[in-house]
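The values are calculated or read from the model by the stated rules, or taken from the named source; none is laboratory data. Predicted model, so just to flag it, every value in this text is computed and none were measured. Virtual Cβ from ideal backbone geometry, glycine too; neighbours counted across all protein chains shown. All accessible areas refer to the heavy atoms of the entire protein, side chains included, with ligands and DNA or RNA removed. Shrake-Rupley method; radii C 1.70, N 1.55, O 1.52, S 1.80 Å.
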Amino acid sequence: MRDDARFLKSWVEHPLVTGAVKPSGRALARTMANYIDPALPGFVIELGPGTGPVTEALLKRGLAPERLVLVEFNPDFCKLLRQRFPAVNVIQGDAYGLGETLRGIVREPAAGVVSSLPLFTKPLPQRLALLEDAFSLMHPGAPFVQFTYAVVPPIPKEGGSYSARPSGRVWWNLPPARVWVYRRGK
């Protein structure tokens, strides 16, 4: 319940940055984590981890904590994440400047990017730039995993040099959500 209160407070103070009034539920976090292959080498980059439900699901999926790099804008969430996951790399920074934020940290291709960012609060060119930045940090074919509460994809399915595939609706999340997986190439 305390995480719900933290999220609500952050949303009230910065609704376009936090984007949600409560953390992702376990079913949504597990669905997102299941798209990451723990056997693929490299870091897994998590954008907007908040209080850590997706981080926890990634660890349960079998990722070693030292392979996780969390990029969180909110300093209070960063402090909480460092307490909860002391072996995980927590970076306070801007996901929309991913190359600069992770300069000198991610030196080898990443195994994937998992994002809980509220993408619809940003204009489409900024969302596309984020996706391209993420692709530039990853192995070819590695996934960019993003959830949304919307019925349309947060980054359009057509028009890019990437593929986009949705999960089924995750009904056990409140509100229900869908996961979109983007990969470079078609």
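For the stretch 93-121: of the residues being assigned to a loop (DSSP other than H, G, I, E, B) and among the aliphatic types (A, V, I, L, M), which is most open to solvent (accessible area, probe 1.4 Å)?
For the stretch 93-121, the residue satisfying everything is ILE105.
From the list ALA142, ALA134, ALA129, pick out the single residue that is small (Gly, Ala, Ser), outside any helix (DSSP H, G or I) and under 17 Å from LEU98 (Cβ atoms).
That would be ALA142, the only listed residue that is small (Gly, Ala, Ser), outside any helix (DSSP H, G or I) and under 17 Å from LEU98 (Cβ atoms).
Quick check on this structure: which one of GLN146, GLN83 is surrounded by fewer than 19 Cβ atoms within 10 Å (Cβ to Cβ) and either closer than 20 Å to GLY50 by Cα or among the acidic types (Asp, Glu) (or both)?
Result: GLN83 is the single residue among GLN146, GLN83 that is surrounded by fewer than 19 Cβ atoms within 10 Å (Cβ to Cβ) and either closer than 20 Å to GLY50 by Cα or among the acidic types (Asp, Glu) (or both).
Among the residues of the stretch 57-76, are any among the small types (Gly, Ala, Ser) and under 22 Å from THR148 (Cα atoms)?
Checked the stretch 57-76: at least one residue is among the small types (Gly, Ala, Ser) and under 22 Å from THR148 (Cα atoms).
Condition test on GLY160, is it of a type outside the set (S, T, N, Q), in a loop (DSSP other than H, G, I, E, B) and open to solvent by less than 30 Å² (accessible area, probe 1.4 Å)?
yes
Can you name every residue in the stretch 171-186 that is over 20 Å from ASP37 (Cβ atoms) and touching a Pro at 6+ places or on another chain (Cβ under 9 Å)?
Correct list: ARG178 only.
Checking CYS78 against (1) in contact with a Leu (Cβ under 9 Å, 6 or more places away or on another chain); (2) outside any helix (DSSP H, G or I); (3) among the hydrophobic types (A, V, I, L, M, F, W, C): exactly one of these is not met. Which one?
(2)
Looking only at residues in the stretch 163-186 that are buried (at least 17 other Cβ atoms within 10 Å of the Cβ) and assigned to a loop (DSSP other than H, G, I, E, B), which one is modelled with the lowest pLDDT?
ASN173
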